[in-house]
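First comes the structure, then the notes that go with it.
The values are calculated or read from the model by the stated rules, or taken from the named source; none is laboratory data. What you see is a predicted model; the values in this text were computed from it and never measured. Here the Cβ positions follow ideal geometry from the backbone for every residue, glycine too, while neighbour counts run over all protein chains shown.
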């Protein structure tokens with residue numbers, strides 16, 4: 001266990017040394033004020049690091065991650081990140097990214113209790129119920145999970161657009177919202193084109209008056 005822990009510190013030292021060797025000004029740039037163009041809301045899965053799968057460099061993406069990449073209206077952590085990203089950092093794009101084979105999504109299809117996470121996964125179970133007519137016709141479990149992953153991304157984009165901060169930025173044309181799904185089998189990202197206009201599917205009851 002100690003050896004495994006030290007591996008990370010050793011890796012850090014090598015990484016820092018290599019960065020300076022390849023780019024002497026790397027860390028000088030890192031201490032400047034961050035001005036990322038993107039907010040990434042993704043899954044906590046350790047196999048889907050935002051910078052790595054997009055080829056981005058440190059400082060380009062502001063990141064928030066949670067189990068199954070959910071946007072929950074009572075999650076003050078996410079809402080604080082969202083407001084800071086849009087109002088202070090003035091990001092131009094919000095990327096809601098799920099991934100095929102998501103363990104959180106798969107677990108939501110089961111009737112097994114996992115503890116505290118059950119309350120979190122209930123959000124996905126409720127999405128399943130709303131789309132049961134489509135999903136119940138998919139007999140292959142892997143295919144059903146992957147379709148629910150896509151539906152979940154679409155629903156979470158809708159949840160983003162139910163927030164006043166995102167609606168205002170979309171109305172002012174200073175922000176775009178995207179729904180992506182990452183495929184771990186080939187490393188490719190799928191852009192869900194059916195949410196090009198994310199506000200159109202938001203029920204009017206959730207839309208705020210412009211001010």
Residue 199 - would you say it is in contact (Cβ under 8 Å) with a residue 24 or more places away in the chain, more than 26 Å from residue 85 (Cβ to Cβ) and in contact with a helix residue (DSSP H, G or I) (Cβ under 7 Å, 6 or more places away or on another chain)?
no
Residue tally, condition part of a helix (DSSP H, G or I) and farther than 13 Å from residue 59 by Cβ, over the range 1-46:
20
Which of the residues belonging to the range 67-101 are part of a loop (DSSP other than H, G, I, E, B) and either outside the structural domain of residue 153 (by TED's automatic domain parsing) or touching a residue at least 12 places away in the same chain (Cβ under 8 Å) (or both)?
67, 68, 69, 70, 71, 72, 73, 90, 91, 92, 100, 101
Out of 168, 158, which single residue is buried (at least 19 other Cβ atoms within 10 Å of the Cβ) and out of contact with any helix residue (DSSP H, G or I) (no Cβ under 7 Å at 6 or more places or on another chain)?
158
Could you please find all residues in the range 50-66 being surrounded by 14 or more Cβ atoms within 10 Å (Cβ to Cβ) and part of a loop (DSSP other than H, G, I, E, B)?
56, 59, 60
Taking the range 112-171 and keeping residues at positive phi and in contact with a strand residue (DSSP E or B) (Cβ under 9 Å, 6 or more places away or on another chain) leaves none
Kindly evaluate residue 195 against the criterion of being within 20 Å of residue 93 (Cβ to Cβ), in the same structural domain as residue 53 (by TED's automatic domain parsing), at pLDDT below 95 and under 16 Å from the mean Cα position of the chain (by Cα).
yes
Output the number of residues of the range 22-43 satisfying the condition of being at pLDDT 95 or above and exposed (fewer than 13 other Cβ atoms within 10 Å of the Cβ).
0
Mind counting the residues in the range 102-135 that are in contact (Cβ under 8 Å) with a residue 40 or more places away in the chain and surrounded by fewer than 17 Cβ atoms within 10 Å (Cβ to Cβ)?
2
If we keep only residues of the range 159-173 that are part of a loop (DSSP other than H, G, I, E, B) and modelled with pLDDT under 95, then the residue nearest to residue 54 (Cα to Cα) is 173
